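This report concerns only the one structure given below.
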Amino acid sequence: MADLGPTIARAKEALRQRIDQAVPHLLGVAETESLSTMELLSLLAKSVRVDNDRAGFWLLMACVAGAMPTREQVVRGYRFLELAPEGTEHLELLRACAGASSLNENFDRWVTVISDTVVADVDFCARHGHNTGVQRVVRETLARWNAVHDVTLVAWTEDGFLMRSLIPAETDRVLDWVSSRRTESSPASAEDDAQLIIPWNCSVVLPEVAQHRIWERLACLAEFSSNTVSMVGYDAIPVTSAEYVISSESERFVRYLSIVKHADLVVGISKSSSEEFAGFADALTAQGLRGPRVITVSLPIALAREESALTDISERSRRVPLVLCVGTQEPRKNQLAVLAASELLWKRGMAFEVLFIGGAAMPLSIPFDIEVDRLRRLGRSVSVIRNGSDAILERAYRDARFSMFVSLHEGFGLPIGESLAVGTPVIATDYGSMAEIANGGGCLVVDPRNDESIAEAMRILLTDDIELDRLEHEALARPSRTWDDYSAELWSAISEGVPTR
């Protein structure tokens with residue numbers, strides 16, 4: 001039989017360390033060495049009960065259990081505390097924490113309670129090299145914040161029980177992105193070298209869409225802890241356009257909204273995305289909740305981390321015009337309509353090449369792949385690049401005669417802004433966030449549900465050099481708004497727009 005003595009000793013030592021971390025925040029004193037662990041627990045539990053301090057109880061549970069609690073655990077545990085006979089509060093606290101700690105593989109580890117700082121949860125970007133729209137925003141923003149502000153970057157343990165610091169490779173993946181990191185991911189052992197973290201009186205910022213394993217505990221943090229929670233609001237597509245996503249994505253997003261429900265601030269990436277989140281916030285009055293404040297800080301019209309000079313317009317001349325379509329291949333992005341409109345023009349004898357750049361959202365991309373294969377067999381000029389580098393993407397924007405982004409629903413539409421940033425005109429959707437961008441110039445707008453409308457806009461830009469030249473100059477004349485501008489405005493919005501709890 002294995003000797004459990006060392007394991008038990010480590011667990012007791014870690015429990016005491018975590019409790020000591022809570023003391024200055026709940027009791028205001030630091031000298032507690034003369035007290036036993038049970039005596040100290042008794043003091044802490046009584047203090048929380050006397051002060052009716054739900055936030056303090058959240059912190060105490062997190063430190064005792066070595067895991068951030070869920071809402072059910074906090075509500076149930078506080079009832080235990082309220083009903084406890086005097087002098088037994090610490091026993092009821094331990095009973096409440098039993099469930100939170102029972103599956104915690106990190107129970108024998110120390111934690112650090114950090115306070116009065118900005119904590120940025122970059123769990124997905126730290127762990128994975130995936131780099132589409134949301135990840136591009138996170139990496140562009142955090143790299144700039146980190147250069148000028150005091151920001152603590154955190155991920156979560158694999159079980160989703162606690163925040164943790166990043167290991168060096170994860171920090172680089174967030175702050176120093178290059179395309180070669182695309183296939184990287186953090187090993188399971190990454191958290192062994194990380195510091196476990198509990199935030200207290202912090203401004204917790206969620207610049208990405210939180211992953212499902214942390215929803216319950218993150219929502220509980222937003223509802224009960226002393227931290228304020230600010231979120232970047234990208235879109236509500238999984239519920240407002242559920243017909244375009246797999247059903248499990250809609251189900252997951254509904255759970256994600258439990259965090260939004262108790263957040264303090266949602267910063268939409270466009271007016272359209274803000275309207276979606278404001279509508280959800282307004283609906284919360286039926287539950288007696290105030291919901292988050294919702295404001296807008298629109299994304300920039302810029303390439304990601306590019307400082308190079310714009311390509312001269314005359315350099316875009318090609319023997320066969322290139323039409324570019326950037327975005328993940330899935331029904332919502334409407335690439336099948338682009339192919340249908342292109343086929344209408346090819347049948348009329350027009351010569352051009354269509355290039356798609358973006359990832360495949362399997363299994364949603366299967367119809368797109370089937371149609372591309374069919375058109376290729378007919379001799380049509382269709383190319384698809386998946387997992388291409390940022391350099392390939394930028395070169396394509398500069399080489400294209402025009403780009404197309406006729407998505408059916410977007411929170412913003414980064415490919416429109418990236419194309420316009422180098423002076424390449426765009427055919428864009430005539431409503432929502434895409435119309436917001438197009439209104440600044442450089443775009444033709446179309447009804448994305450009308451193949452003939454799309455084909456006509458393509459015909460104009462393929463044949464009318466004067467119109468193309470007008471749109472190119474409109475694009476280049478747009479007021480400059482960079483990632484530096486966006487990052488600074490977002491920081492200001494979060495710093496000034498979060499109410500004090």
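Taking the square roots of five times each eigenvalue of the Cα gyration tensor of the range 313-480, the equivalent ellipsoid has semi-axes of 22, 18, 16 Å, listed largest first.
One chain, two ends: A477 and S247. Fully extended at 0.36 nm per residue, the span grows by 78.5 nm beyond their Cα-Cα distance. With the convex hull drawn over the C-alpha atoms of the range 423-501, the volume per residue is 101 Å³.
Here the scattering of the range 5-109 is modelled by Debye summation over its C-alpha atoms, one equal scatterer each and no solvent; at q = 0.10, 0.17 Å⁻¹ the log10 of I(q)/I(0) is -0.24, -0.72. Pairwise Cα distances in the range 184-274 exceed 17 Å for 57 percent of all pairs. Annotation for S102 and K12: the two label points, set 7 Å from Cα along the Cα-Cβ direction, are 2.4 nm apart.
Projected onto planes of every orientation and averaged, the convex hull of the alpha-carbon atoms in the chain covers 26.9 nm². Between the range 151-167 and the range 440-491, the C-alpha centres lie 40 angstrom from each other. Annotation: lysines with alpha-carbon distance below 30 angstrom to K333 (same-chain offsets under eight excluded): K261, K271, K347. In a DSSP loop and with at most 16 other Cβ atoms within 10 Å, the GluC sites (Glu not before Pro) in the range 33-116 are E33, E86, E105. Length gained on full extension, D369 to D192, computed as 0.36 nm times the residue gap minus the Cα-Cα distance: 59.6 nm.
Taking amide H atoms as placed 1.01 Å from N in the peptide plane, the amide H of I427 lies under 5 Å from those of S403, M404, F405, L444, each 5 or more residues away in sequence or on another chain. Calculated on the Cα set of the range 71-203, radius of gyration then Dmax: 18.2, 61 Å. Taking every DSSP bridge with both residues inside the chain, close to 10 percent are antiparallel. Electrostatic tally near D193: other residues with Cβ closer than 12 Å to its Cβ, Lys and Arg +1, Asp and Glu -1, net -1.
Along the axis of the charge dipole computed for the range 313-480 (Cβ charges of +1 for Lys and Arg, -1 for Asp and Glu, origin at the Cα centre), the listed residues M434, L420, L378 are led at the positive end by L378.
Within a straight-line Cα-Cα reach of under 25 Å, K46 can be paired with the following lysines, leaving aside sequence neighbours fewer than 8 residues apart in one chain: K12. A simple rule links phi to the HN-Hα coupling: the Karplus curve 6.51 cos²θ - 1.76 cosθ + 1.60 with θ = phi - 60°, which for the range 371-387 gives 5, 4, 4, 5, 5, 5, 5, 7, x, 6, 8, 10, 10, 10, 10, 10, 6 Hz, with x for Gly and Pro.
Using a Förster distance of 30 Å, how high is the FRET efficiency between S34 and D150, based on the Cβ-Cβ distance and rounded to 0.05? About 0.30, to the nearest 0.05.
For the range 192-341, the C-alpha radius of gyration sits at 1.35 times the compact-globule guess of 2.2 N^0.38 Å, with N the residue count.
None of the figures in this text is laboratory data; all of them are computed from the coordinates on show. Since this is a predicted model, take the numbers as computed values, not measurements. Glycine also receives a Cβ, built like all others from the backbone with ideal geometry; neighbour counts cover every protein chain displayed.
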